[in-house]
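Here's the structure, in structure tokens; my notes come after.
The values are calculated or read from the model by the stated rules, or taken from the named source; none is laboratory data. Bear in mind that the values here come from a model prediction, so they are computed numbers and not experimental data. Cβ placement follows ideal geometry from the backbone for every residue including glycine, while neighbour counts extend to all protein chains displayed. Only protein heavy atoms, including side chains, enter the accessible area calculation; ligands, DNA and RNA are left aside. Shrake-Rupley method; radii C 1.70, N 1.55, O 1.52, S 1.80 Å.
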Amino acid sequence: MKRGDELAEVRDWVRAARRLVVFTGAGVSAESGIPTFRDALTGLWARFDPERLASEAGFRADPALVWRWYAERRAAIGQAQPNAAHRAIAELEARGAHVAVVTQNVDNLHRRAGSREVLELHGNILRARCLEGCGDPDRFAPGSDWRADPREPPPCPRCGAPLRPDVVWVGELLPQAVFARAEHEALGCDLMLVVGTSALVYPAADLPALARDAGARVVVVNPEETPLDARAARVLRGKAATILPRLLDELPERTGGA
Ligand code: BV8
Ligand code: ZN
């Protein structure tokens, strides 16, 4: 089927969907200039492995190093804008469709684009929490001065332990209530768009199979191959900021005839 026809077919599926899930990974933010998770480990950080930078053991071993990596990513996110893909996803919800955004991203860009139903499976880099778990993550909402010092983690105002980014590290449990809602949305949707994820990280990567086994159509949007392609109803090979807006826009009115 030609590329244009595939887009038109998926556009029809989007229009007809009663309940939609948009499951996103770092690729949906790539065109906002935010390195994808695996790209974020290039350059200065290339010599570290994710275990070292995105794990509690790594943080406890060298809090300043890990805190600096997150401070740099937070600074990049502060300079970034939601892109056309984030905006198209928010527009879907604004048009009245039942849309749940289930994201592995920690960059807050779906919310900044206007999406309201956003389930953050891996937390949010703009929040911090006490390393020893004495405080409530929302205690350090954006705007607190804890982000003042990018070089090392400030002390928890309650117990003095270092603050840590409020994200889910390797080996850590996902926020159970959020994950349960994501599973509920996956089981209840009739269409899941899987946008910009390498689908390598579990248990998040289980959600597309859960949706498909419950009868939903799964559509992959990615410039590269992913392990989900073989069992997707459709693969739209391309970039999110190009494809997502075209899943929304009206078909050019057919002139004349039927
Ligand atoms: C847990 C937050 C267990 C921090 C991240 C089986 C079952 C259960 C667990 C496991 C399992 N096998 C292995 C595990 C352990 C582990 C895991 O999955 N490891 C992987 C690496 C093999 N999972 C865990 O540890 C999870 N916890 O299982 O706990 C447990 C059980 C009981 C009791 C206690 C514990 C926790 C995982 C969460 C880790 N945290 N992030 C941070 O961000 O700093 S994961 C990290 O990877 C990011 O969240 C990122 O979003 C996520 C997934 O990566 P992607 O988003 O897909 O990004 P990536 O760079 O990989 O790919 C980008 C894609 O975009 C590519 O496909 C590219 O082609 C595409 N792209 C590029 N440009 C564009 C584009 N697409 C569209 N448009 C473009 N322009
Ligand atoms: Zn504390």
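Laid out as a table, the results:
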read-out: Any hit, the range 187-194, residues being more than 16 Å from ligand 2 (Cβ to nearest atom), touching a Gly at 6+ places or on another chain (Cβ under 9 Å), assigned to a strand (DSSP E or B) and at pLDDT 95 or above; value: yes
read-out: Every pair of residues 6+ apart whose Cβ atoms lie under 9 Å, when the first sits in the range 11-26 and is within 25 Å of residue 80 (Cβ to Cβ) while the second is open to solvent by 20 Å² or more (accessible area, probe 1.4 Å) and among the basic types (Lys, Arg); value: 26/38
read-out: Test for residue 36: is it of a type in the set (Ser, Thr, Tyr), in contact with a strand residue (DSSP E or B) (Cβ under 6 Å, 6 or more places away or on another chain) and within 28 Å of residue 111 (Cα to Cα); value: no
read-out: Test set (1) closer than 27 Å to residue 180 by Cβ; (2) modelled with pLDDT of 95 or more; (3) not in a loop (DSSP other than H, G, I, E, B) - residue 115 fails condition number; value: (3)
read-out: Count - residues of the range 193-216 that are on the phi < 0 side of the Ramachandran plot and away from ligand 1 (no atom under 15 Å from the Cβ); value: 5
read-out: Hits in the range 176-192 (condition: away from ligand 1 (no atom under 11 Å from the Cβ) and surrounded by fewer than 19 Cβ atoms within 10 Å (Cβ to Cβ)); value: 177, 178, 180, 181, 183, 184, 187, 188, 190
read-out: Candidates 77, 89, 125 - the one that is in contact with an Asp or Glu (Cβ under 6 Å, 6 or more places away or on another chain) and either at pLDDT 90 or above or not assigned by TED's automatic domain parsing to the domain that holds residue 200 (or both); value: 77
read-out: Among residues of the range 67-85, those that are assigned to a helix (DSSP H, G or I) and in contact (Cβ under 8 Å) with a residue 60 or more places away in the chain, counted; value: 9
